[in-house]
Amino acid sequence: MRSKEKISYFYDGDVGNVYFGPNHPMKPHRLCMTHSLVLSYGLHKKMEIFRPHKAYPVELAQFHSADYVEFLHRITPHTQHLYDNELSRYNLKEDCPVFENMFEFCQIYAGGTIDAARRLNHGLCDIAINWAGGLHHAKKCEASGFCYINDLVLGILELLKYHARVLYIDIDVHHGDGVEEAFYFTDRVMTVSFHKYGDMFFPGTGDLKDIGERDGKYYAINVPLKDGIDDTSFTRLFKSIISKVVELYLPGAIVLQCGADSLAGDRLGCFNLSIEGHAECVRFVKKFNIPLLVTGGGGYTKENVARCWTVETGVLVDTPLRNEIPDNEYSEYFAPDYTLRIPNSSIENLNSKSYLSQIKVQIMERLRCIQHAPGVQMHEVPPDFLIPESDEDEQNPDERVNQHTEDKHIERDDEYYDGDNDNDHNMDDAP
């Protein structure tokens, strides 16, 4: 048993201040709310807190096509009317609108996941957390499902520099299609996604029969679920599948996407998980004592997202949290009860025992096709991406030390931010 884990936590308040537009369900402000709760429970004292670097375009192009990254960098709400063809080509439509500071938003959340992977690679921490990450739908050449840059793929690519095998686990209510697609033909990444499937539910992929191809055959695992799955059914299935996967695949690192839209009562979700049930999955994965990168993901009832990711931060630092929420910057959002626990919905669980048993049996049969953990010839490790160094003499002295440079490493005891205002405060009731 290793000594007490070192936890690295990445946060930049700027990600919470962007606005996708009126009536859009994605509210990045949920990240400010989460961070405020983390602070109010004193969890920051048990972690190293970092402000992530803004990922350079060439870093994003380690997975995404250079032309797509360049377009994201160039487009603004004021110029988008000039680029109808490109907007269509890159799927920048209703679900993925162009908004103010969109590219910087992508740079920050992707930078957090890349930084998290690098700290794990260098043994500087055992667990790395980036709640702003987990945008699992983005594809190589296009945006999808509120996701523009796939930080998870970029983080996994970093981990593959040091680890022969990486396990990706996704408990978002939506299928982790972008990550699965990126690694569908390789055995160096096993993807396991637990999600709602059927009834034209987005993104429409993730059937049980989708198992990977070529070298990746049997290394994509999909667990298609129906509406209303509850804690008991979900966690039992999760633990039995993940324990067998870890036993057979022997990953060197695990990436866990903790989309909170699988919680009961989510605006876009249809599952019936409590925060305790959702967090139990995190607790279970942590017990393997394998280097772990944890991200956020979906989640559209933002006060419940903040509750969930705060509880899971507590799980990762081995700190139980009292149910009464301490006073914090966003206390009014947790009225009238001001508690962490949320009630389950009254929706019916359409996942019968026989249906879940059938899924488990088929997945276990396919796992038997993995004779042993795949080996890989590890050559000289490529360096971490070289960040261009700036020449201070050429900089404008008024601009020389910006906030991001100054806060490259933020000390944990003064991790408070100004300006995390809710720019969407009056839109919670939007349909």
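The values are calculated or read from the model by the stated rules, or taken from the named source; none is laboratory data. What you are looking at is a predicted structure, and each value in this text was computed from that prediction instead of being measured. Because the Cβ atoms are built from the backbone with ideal geometry, glycine has one as well, and the counts that use them run over all protein chains shown. The accessibility values were calculated without ligands, DNA or RNA, using every heavy atom of the protein model including side chains. Shrake-Rupley method; radii C 1.70, N 1.55, O 1.52, S 1.80 Å.
Given a cut-off of under 8 Å on Cα pairs at least six residues apart, what relative contact order in percent is computed for the chain? Can you show the working numbers first?
On the way: 842 pairs, mean separation 89.6, N = 431.
Value for the chain: 21 percent.
Taking every protein chain into account, the 1.4 Å probe leaves LEU160 with about 30 Å² of accessible area, to the nearest ten. Suppose a student asked you for the relative contact order of the stretch 189-342, using Cα pairs under 8 Å spaced at least 6 residues apart; what percent would you report? Computed value for the stretch 189-342: 19 percent relative contact order. Would you mind telling me which residue in GLN257, GLN62, GLN362 has the biggest mean-square fluctuation in a Gaussian network model of the chain, where springs connect alpha carbons within a distance under 10 angstrom? Maximum fluctuation in the GNM of the chain, among the listed residues, is at GLN362.
Only sites in a loop by DSSP and with at most 13 other Cβ atoms within 10 Å count here; which trypsin sites (Lys or Arg not before Pro) in the stretch 248-347 make the cut?
On the way: sites: ARG267, ARG283, LYS286, LYS287, LYS302, ARG307, ARG322, ARG341; in loops: ARG267, LYS287, ARG322, ARG341.
Passing sites in the stretch 248-347 are LYS287, ARG322, ARG341.
Over the stretch 79-158, accessible surface divided per residue gives 31 Å², non-protein components excluded, 1.4 Å probe. In a simple Cβ point-charge model (Lys, Arg +1; Asp, Glu -1; nothing else charged), the stretch 256-382 has a dipole of about 660 debye relative to its Cα centre.
At 1.4 Å probe size, with every protein chain present, just tell me what the per residue accessible area of the stretch 202-279 comes to in Å².
32
For the stretch 137-216, a simple Cβ point-charge model (Lys and Arg +1, Asp and Glu -1, everything else neutral) yields a dipole of about 220 debye relative to the Cα centre.
On the basis of the beta-carbon distance and an R0 of 25 Å, VAL361 and LYS6 show a calculated FRET efficiency of 0.05.
What shape does the stretch 252-368 take by its C-alpha gyration tensor, where a ≥ b ≥ c are the square roots of the eigenvalues and a/c under 1.5 counts as rounded, a/b above b/c as prolate, and the rest as oblate?
Numbers: a/c = 2.40, a/b = 1.37, b/c = 1.75.
Cα axes put the stretch 252-368 in the oblate bin.
Within the accessible area of the stretch 157-300, the carbon and sulfur atoms contribute 51%, probe 1.4 Å, all protein chains present.
Remark: relative contact order (the stretch 274-358) = 34 percent; criterion is Cα-Cα distance under 8 angstrom and separation of 6 or more residues.
Just to be sure I understand the rule: take each whole DSSP H helix in the chain, project its Cα atoms onto its long axis, keep it if the span is 15 Å or more and its mean Kyte-Doolittle hydropathy is at least 0.0. Which ones pass?
Details: long enough: 29-40 (17 Å, 0.57); 102-121 (29 Å, 0.12); 231-249 (26 Å, 0.33); 275-286 (17 Å, 0.08); 302-316 (21 Å, -0.06); 353-367 (21 Å, -0.20).
Span-like helices in the chain: 29-40, 102-121, 231-249, 275-286.
For the stretch 63-147, the set of trypsin sites (Lys or Arg not before Pro) satisfying both a DSSP loop assignment and a count of at most 16 other C-beta atoms within 10 Å is given as LYS93, LYS140. The residue list GLY134, GLY259, CYS281 was ranked by how far each Cα lies along the charge dipole of the chain toward its positive end, using unit charges on Cβ atoms, and CYS281 comes out on top.
Which of rounded, prolate, oblate describes the chain, given a ≥ b ≥ c as roots of the alpha-carbon gyration tensor eigenvalues and a/c under 1.5 marking rounded, otherwise prolate only if a/b is larger than b/c? Because its axes are fairly even, with a/c under 1.5, the chain counts as rounded.
Can you show me the helix-derived [θ] at 222 nm for the chain, built from DSSP H runs with n ≥ 4 at -39,500 (n - 2.57) apiece and divided by the number of residues, rounded to the nearest 500. Write down the numbers at each step before the final one.
Numbers: 12 runs with 131 residues, N = 431.
Counting only the DSSP helices, I get -9000 deg cm²/dmol.
Rounded, prolate or oblate: which fits the stretch 194-320 when a ≥ b ≥ c are the square roots of the eigenvalues of the alpha-carbon gyration tensor, with rounded for a/c under 1.5 and prolate only if a/b beats b/c? Cα axes put the stretch 194-320 in the oblate bin.
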